[in-house]
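Remarks on the structure that follows.
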Amino acid sequence: MSAMILRVSASAAMLAAFVAAPALAEGAPTLRGDVVATRDVMTLGELVENAPASLAETPVFRTPPLGQTGTIQVARITGAAETLGLAGIETGGRLQIVVTRAARRVGPVEIETALKRTLQAQAGLDPNATGVTFDGTAPSLVLAPDMAGDVVAGDLVVDRRSRRLSATVWIGRSSSERVASLRVTGSLVDMVEVAVTTRSLDRGETVKASDVALELRPRDLMPADAVLDQKPMTGRVTRRPLVAGTLVRPGDLARPEIVARGDIVTALYEAPGISLAMRLKAQEAGALGDTVSVVNPTSKKVLQAVVTGPGRVTVGSDRPDAVNTRASADRTSSVTSLAQR
């Protein structure tokens with residue numbers, strides 16, 4: 001009996017300690033973990049939660065350059081805190097933390113847009129038909145996240161013969177208000193709008209208007225048969241899988257087949273005073289407007305016909321041998337069947 005009481009008492013003590021532990025740790029200085037920094041230096045309060053107010057704003061480490069990431073060993077953090085008189089920081093067993101310096105990054109797309117505005121204003125070039133290829137690594141400006149302002153291009157120099165250019169790009173309304181600047185060089189290229197897929201398409205999938213869009217691409221890099229208008233592609237089917245962003249070429253798409261090989265189709269023949277309807281068998285598949293071979297199941301005569309709709313073809317009026325002789329003798333507008341032959 002005493003052994004059972006002892007075991008129950010021990011379990012109760014462990015439960016009480018577990019419940020009380022958070023309360024005891026509440027308010028204790030604790031390492032925050034990975035940090036996104038917005039300033040040049042980090043304070044103790046940015047690294048340690050519940051740091052005393054008298055120490056929280058004390059700078060302790062420099063942060064990485066704008067847009068870059070670095071690490072700080074936890075031992076250095078606890079050592080700096082102890083130097084300031086703060087000991088016993090709960091680290092959670094971590095050995096280091098990652099510090100990322102927040103930044104606003106102005107990339108090549110924004111820089112090219114600014115250059116195009118200046119090229120239009122100073123050189124009269126159409127921004128929709130002109131592009132810029134930059135020398136070397138794609139240019140970028142890295143700024144403090146709270147730094148506002150438009151991207152401006154100035155000090156422009158263009159050689160129309162070689163199509164080379166150089167310019168200075170900065171943030172601010174005028175050169176006197178430059179916050180950050182970058183010298184860029186490159187070449188002018190002629191651009192053309194070409195059709196590209198906006199999503200991945202499987203083979204045999206019907207193309208919708210939203211599946212294709214026009215995108216500016218360098219003219220010199222485009223094949224001669226690149227599709228320049230997305231409208232004719234709506235309703236066509238893909239002949240091969242196309243991933244998103246694929247340049248569409250005429251051979252990639254086909255009109256949907258509305259007559260299948262082996263279908264029994266209604267063939268019409270019309271001539272002055274004559275209108276015949278025939279039930280023929282398609283020997284090949286065809287889309288709207290295609291010329292396909294059809295055969296009379298009874299006479300086995302093969303004719304050429306044009307697909308005019310689902311299950312419908314037209315036999316050309318230059319084929320009088322396709323006409324029922326009795327019907328052609330009767331010069332009235334009538335409907336008969338070639339099966340009578």
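Hey, among 89, 77, which residue is assigned by TED's automatic domain parsing to the domain that holds residue 34, surrounded by 18 or more Cβ atoms within 10 Å (Cβ to Cβ) and touching a residue at least 60 places away in the same chain (Cβ under 8 Å)?
Numbers: 77 fails: touching a residue at least 60 places away in the same chain (Cβ under 8 Å).
When all the criteria are applied, what remains is 89.
Could you tell me which residue of region 155-180 is nearest to residue 128 (Cα to Cα), considering only residues that are buried (at least 16 other Cβ atoms within 10 Å of the Cβ) and of a type in the set (Gly, Ala, Ser)?
Residue satisfying both the conditions and the ranking: 167.
Answer yes if at least one residue in region 23-39 is of a type outside the set (D, E, K, R), modelled with pLDDT under 95 and over 30 Å from residue 70 (Cα atoms), and no otherwise.
Taking every residue of region 23-39 in turn, at least one turns out to be of a type outside the set (D, E, K, R), modelled with pLDDT under 95 and over 30 Å from residue 70 (Cα atoms).
Among the numbered criteria (1) more than 30 Å from residue 179 (Cβ to Cβ); (2) free of Cβ contacts under 8 Å to residues at least 40 places away in the same chain; (3) surrounded by 13 or more Cβ atoms within 10 Å (Cβ to Cβ), which one does residue 82 miss?
Going through (1) more than 30 Å from residue 179 (Cβ to Cβ); (2) free of Cβ contacts under 8 Å to residues at least 40 places away in the same chain; (3) surrounded by 13 or more Cβ atoms within 10 Å (Cβ to Cβ) one by one, residue 82 breaks only (3).
Consider residue 182 carefully, then state whether it is within 30 Å of the chain's Cα centre (by Cα), outside any loop (DSSP other than H, G, I, E, B) and either more than 27 Å from residue 228 (Cβ to Cβ) or at pLDDT 95 or above (or both).
On the way: within 30 Å of the chain's Cα centre (by Cα): yes; outside any loop (DSSP other than H, G, I, E, B): yes; either more than 27 Å from residue 228 (Cβ to Cβ) or at pLDDT 95 or above (or both): yes.
Judged against the criteria, residue 182 is a match.
What's the number of the only condition in (1) modelled with pLDDT under 95; (2) β-branched (Val, Ile, Thr); (3) in contact with a strand residue (DSSP E or B) (Cβ under 7 Å, 6 or more places away or on another chain) that residue 8 fails to meet?
If we test residue 8 against (1) modelled with pLDDT under 95; (2) β-branched (Val, Ile, Thr); (3) in contact with a strand residue (DSSP E or B) (Cβ under 7 Å, 6 or more places away or on another chain), just (3) comes out false.
Which of the residues belonging to region 189-223 are in a strand (DSSP E or B), in contact with a helix residue (DSSP H, G or I) (Cβ under 8 Å, 6 or more places away or on another chain) and not charged (D, E, K, R)?
Within region 189-223, the first condition is being in a strand (DSSP E or B), and the residues that meet it are 189-197, 201, 206, 212-218.
Subsequent filtering for residues that are in contact with a helix residue (DSSP H, G or I) (Cβ under 8 Å, 6 or more places away or on another chain) retains 189-192, 195, 197, 201, 212.
Those that are in a strand (DSSP E or B), in contact with a helix residue (DSSP H, G or I) (Cβ under 8 Å, 6 or more places away or on another chain) and not charged (D, E, K, R): 189, 191, 192, 195, 197, 201, 212.
Please state which one of 245, 235 is assigned by TED's automatic domain parsing to the domain that holds residue 205, modelled with pLDDT of 90 or more and outside any strand (DSSP E or B). Quick ask: steps written out before the conclusion?
Working: 235 fails: modelled with pLDDT of 90 or more.
When all the criteria are applied, what remains is 245.
Write out, first by first residue and then by second, each pair whose Cβ atoms fall under 6 Å of each other, whose residues are 6+ apart or on separate chains, and whose first residue, in region 119-131, is at pLDDT 90 or above while the second is surrounded by 13 or more Cβ atoms within 10 Å (Cβ to Cβ) and part of a loop (DSSP other than H, G, I, E, B).
Pairs found: 119/125; 120/127.
May I ask you to list pairs of residues, at least six apart or on different chains, whose Cβ atoms are under 6 Å apart, with the first in region 286-297 being at positive phi and of a type outside the set (Phe, Trp, Tyr) and the second being assigned to a strand (DSSP E or B) and crowded, with 16+ Cβ neighbours inside 10 Å?
Filtered contacts from region 286-297: no entries.
Out of (1) under 14 Å from residue 252 (Cβ atoms); (2) under 19 Å from the mean Cα position of the chain (by Cα), what's the single condition that is false for residue 193?
(1)
Residue 100 fails exactly one of the following numbered conditions: (1) outside any helix (DSSP H, G or I); (2) among the hydroxyl-bearing types (Ser, Thr, Tyr); (3) closer than 24 Å to residue 172 by Cα. What is the number of that condition?
For residue 100, the failing item is (3).
I'm checking my understanding of the structure. Among residues of region 44-66 that are surrounded by fewer than 17 Cβ atoms within 10 Å (Cβ to Cβ) and assigned to a strand (DSSP E or B), which one is farthest from the chain's Cα centre (by Cα)?
Per the criteria, the residue is 59.
In region 248-294, which residue that is closer than 25 Å to residue 212 by Cα and part of a strand (DSSP E or B) is modelled with the highest pLDDT?
Per the criteria, the residue is 253.
Given the criterion polar (S, T, N, Q) and under 22 Å from residue 92 (Cβ atoms), identify the matching residue among 38, 69. Before you say what the answer is, go through the steps one by one.
Values: 38 fails: under 22 Å from residue 92 (Cβ atoms).
Result: 69 is the single residue among 38, 69 that is polar (S, T, N, Q) and under 22 Å from residue 92 (Cβ atoms).
If you take the residues of region 220-239 that are touching a Gly at 6+ places or on another chain (Cβ under 9 Å) and surrounded by fewer than 16 Cβ atoms within 10 Å (Cβ to Cβ), which of them is farthest from residue 164 (Cα to Cα)? Break it down into steps so the answer makes sense when it comes.
Going through region 220-239, the residues touching a Gly at 6+ places or on another chain (Cβ under 9 Å) turn out to be 225, 237-239.
Next, from what is left, pick out any that are surrounded by fewer than 16 Cβ atoms within 10 Å (Cβ to Cβ): 225, 239.
Numbers: 225: 28, 239: 41 Å.
Per the stated criteria, the residue is 239.
Scan region 252-259 and tell me whether some residue there is under 23 Å from the mean Cα position of the chain (by Cα) and among the basic types (Lys, Arg).
no
The values are calculated or read from the model by the stated rules, or taken from the named source; none is laboratory data. Not measured: the values here are computed from a predicted model. Using ideal geometry, Cβ is built from the backbone for each residue, glycine included, and neighbour counts are taken over all protein chains shown.
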